Amino acid sequence: DVVTAVLEAEKDERGQTYEKTRLVLMIIDLDRLKPVNDEFGHEAGDKVLQQVAQIVAKMCRGSDHVSRWGGDEFVVLLKDADLAAASALAERIRESVARRLFPVGDGEVARTSCSIGFATFPFIVDAPGKLGWEQTLALADAALYQAKRHRNMWVGWAGTVKAADIEDLLQAIETDAETLEKDGVIQVRRRAIDAEGDTVDRLLSLGTPTRDR
């Protein structure tokens, strides 16, 4: 798969992955594809997915890797990135998808938004061997789960040195990420939402947006 391929490409002549390589694993999930399929048909949903893929590819750098993952999800692997860079990218993608009118044929347009979760790899800089990329991808998925609680949202995290002392870090984060954040075990970045809840349902009630530049 794409993650394995990139990590293999980062190995040196001794077959060891460069410890200084910083990656971010990001999962993008559409919030409202089923209603698009129900209203306009599955062909329209496919057109929306294709256009979202174009948005994501346009926002990413040439060194990043974008792959379709599941029915309405994409995985992005960002090279030489950290939480700040991933947060900026996630916001650009989120805003572009939320503002876009997606042509689906016969003069009709559809709206959707996306939720995004991401995690750094290595997840703990001071303990790069603590978690493998599969566990880091699961952490990105856990961040996505947090984002999906609001929709049109992104959440990302990384482990601090304190995280290396937790035996089952993945389960701990899935169980109570809020406490771990307060205790300084994980660093968390998330999009601030307004009091009214900026979901796709609210966006739909606001009328026609300006297309992205």
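Placing R0 at 45 angstrom, the Cβ-Cβ distance between residue 170 and residue 109 gives a FRET efficiency of 0.65 after rounding to 0.05. With Cα atoms defining each centre, segment 27-75 and segment 91-154 are spaced 11 Å apart in the structure.
In the context of the full protein assembly, residue 65 retains an accessible surface of approximately 70 Å², using a probe radius of 1.4 Å and ignoring ligands and nucleic acids. Sorting the segments 137-145, 88-96 by their residues' average number of neighbouring beta-carbon atoms within 10 angstrom, most packed first, yields 137-145, 88-96.
Provide the net charge surrounding residue 43, with neighbours chosen by a C-beta distance below 14 Å and charges set as Lys +1, Arg +1, Asp -1, Glu -1. Provide the component values of the computation, followed by the final result.
Working: positive: 47; negative: 38, 39, 46, 106, 108.
For residues surrounding residue 43, the net value is -4.
Taking 162, 34 and ordering them by how much accessible surface each has at a 1.4 Å probe, largest first, produces 34, 162. Put a dot 7 Å past the Cα of residue 63, heading toward its Cβ, do the same for residue 161, and the two dots end up 2.7 nm apart.
Would you mind checking 79/162; 34/58; 58/162; 47/148; 79/148 for any pair whose Cα atoms are more than 28 angstrom apart?
Values: 79/162 25 Å; 34/58 25 Å; 58/162 37 Å; 47/148 23 Å; 79/148 25 Å.
Exceeds cut-off: 58/162.
Around residue 189, with a cut-off of 12 angstrom between Cβ atoms, what is the net charge of the other residues, counting Lys and Arg +1 and Asp and Glu -1? Local net charge: -1.
For segment 136-194, the solvent-accessible area of protein heavy atoms averages 52 Å² per residue (probe radius 1.4 Å; ligands and nucleic acids excluded).
The values are calculated or read from the model by the stated rules, or taken from the named source; none is laboratory data. It should be emphasised that the depicted structure is a prediction, and the values quoted were computed from it without experimental measurement. Positions of Cβ are backbone-derived with ideal geometry, glycine not excepted, and every protein chain shown enters the neighbour counts. Each accessible area value is taken on the protein alone, full model and side chains, heavy atoms only, with ligands, DNA and RNA left out. Shrake-Rupley method; radii C 1.70, N 1.55, O 1.52, S 1.80 Å.
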